[in-house]
Amino acid sequence: MPGPSENDPSPGGEQYFTASPGAASRPGSVPLTVDGATFDLTTDRGVFSGERIDPGTRVLLDVLPHFDGLPEGALVDVGCGYGPIALTLAARHPGRQVVAVDVNERARELCASNARLARLAVDVHAPDDVPDDLRVAAVVSNPPIRVGKAVLHELLAFWLDRLVDGGEAWLVVHQHLGAGSLADWLGEQGWAVEKVKSKKGYRILRVRHT
């Protein structure tokens, strides 16, 4: 079985979290199955896990609960890539605002296009374009671990601080890439962290207000 694929370098040594990927475009597609419905998602070089749905993302999607019981607010996919998490959220929660955020402009274009083709409502934003008054009920993310701890912590703190009372975050991190240390850090910041599931080396963390 391949090793953990999250945060792998894209072709040419370029990281998928580059704002403007320089890798030549080479579109492809991958299937995404959500509760029995299958969507063909367009992918490309220079975006995260463009050849398949990332196995960590798949584990996360398989254990995500329905968020009907959460307070009012958006469901936010942080680091959306070409959109598997965002589209899953939109398909399962048609009455909710779903927001997809990524620094990579190619990924944002793909996510928006994939949502339109699937007839799903997803608002796609660059990080600096997210409305200041956005109320967030849930953050769902396969976070970019290889940006480094300082940047990762800043990113997660920004989004966790936006959670409304009763909101929660669901994160997937490979155990070999620091799932344990991230859970410890979140706890040190005053968050309640539940280790929901471990599968294929990936750990699912549920993060809530204490």
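To keep it simple, each residue is scored yes or no on (1) in contact with a Cys (Cβ under 7 Å, 6 or more places away or on another chain); (2) at pLDDT 95 or above; (3) closer than 25 Å to ASP44 by Cβ.
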{"site": "ARG119", "(1), (2), (3)": "no, yes, yes"}
{"site": "ALA150", "(1), (2), (3)": "no, no, no"}
{"site": "GLY167", "(1), (2), (3)": "no, yes, no"}
{"site": "GLN189", "(1), (2), (3)": "no, yes, no"}
{"site": "LYS195", "(1), (2), (3)": "no, yes, no"}
{"site": "VAL207", "(1), (2), (3)": "no, yes, no"}
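If I filter the stretch 61-69 for residues that are buried (at least 21 other Cβ atoms within 10 Å of the Cβ) and either more than 29 Å from GLN175 (Cβ to Cβ) or in contact with a Lys or Arg (Cβ under 7 Å, 6 or more places away or on another chain) (or both), do I get at least one hit?
The answer is no; no qualifying residue exists.
Condition check ((1) under 17 Å from LEU61 (Cα atoms); (2) surrounded by 17 or more Cβ atoms within 10 Å (Cβ to Cβ); (3) of a type outside the set (A, V, I, L, M, F, W, C)) across all residues:
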{"site": "ALA126", "(1), (2), (3)": "no, no, no"}
{"site": "ASP161", "(1), (2), (3)": "no, no, yes"}
{"site": "LEU177", "(1), (2), (3)": "no, yes, no"}
{"site": "LEU186", "(1), (2), (3)": "no, yes, no"}
{"site": "HIS209", "(1), (2), (3)": "no, no, yes"}
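Only residues in the stretch 42-60 that are in contact (Cβ under 8 Å) with a residue 12 or more places away in the chain and in a helix (DSSP H, G or I) count as the first member; pair them with residues that are surrounded by 21 or more Cβ atoms within 10 Å (Cβ to Cβ) and aliphatic (A, V, I, L, M), Cβ under 7 angstrom, at least 6 apart or cross-chain, and list the lot.
Hits for this filter: GLY56/VAL172; THR57/ILE85; THR57/VAL172; VAL59/VAL172; VAL59/ILE204; LEU60/VAL172; LEU60/ILE204.
Of the conditions (1) crowded, with 22+ Cβ neighbours inside 10 Å; (2) closer than 19 Å to GLY56 by Cβ, ILE145 fails just one. Which one is it?
All conditions pass for ILE145, except number (1).
If I ask for residues that are under 15 Å from CYS80 (Cα atoms) and either free of Cβ contacts under 8 Å to residues at least 12 places away in the same chain or crowded, with 22+ Cβ neighbours inside 10 Å (or both), which ones from the stretch 129-142 would you list?
Narrowing the stretch 129-142 to residues under 15 Å from CYS80 (Cα atoms): 129-130, 138-142.
ASP129, ALA138, VAL139, VAL140, SER141, ASN142 - these are the residues of the stretch 129-142 that are under 15 Å from CYS80 (Cα atoms) and either free of Cβ contacts under 8 Å to residues at least 12 places away in the same chain or crowded, with 22+ Cβ neighbours inside 10 Å (or both).
Give the number of residues within the stretch 134-151 that are assigned to a strand (DSSP E or B) and β-branched (Val, Ile, Thr). First the steps, then the outcome.
So in the stretch 134-151, the residues assigned to a strand (DSSP E or B) come out as 136-141.
Applying the additional criterion that residues be β-branched (Val, Ile, Thr) yields 136, 139-140.
Matching residues across the stretch 134-151 total 3.
Considering only the stretch 89-115, state which residues are outside any loop (DSSP other than H, G, I, E, B) and within 11 Å of the chain's Cα centre (by Cα). Step through it out loud before you land on a result.
Taking the stretch 89-115 and keeping what is outside any loop (DSSP other than H, G, I, E, B), we get 89-92, 98-101, 105-115.
LEU89, VAL99, ALA100, VAL101 - these are the residues of the stretch 89-115 that are outside any loop (DSSP other than H, G, I, E, B) and within 11 Å of the chain's Cα centre (by Cα).
The values are calculated or read from the model by the stated rules, or taken from the named source; none is laboratory data. Because the structure is a prediction, the values reported are computed rather than measured. Backbone-built Cβ (ideal geometry, glycine too); neighbour counts: all protein chains shown.
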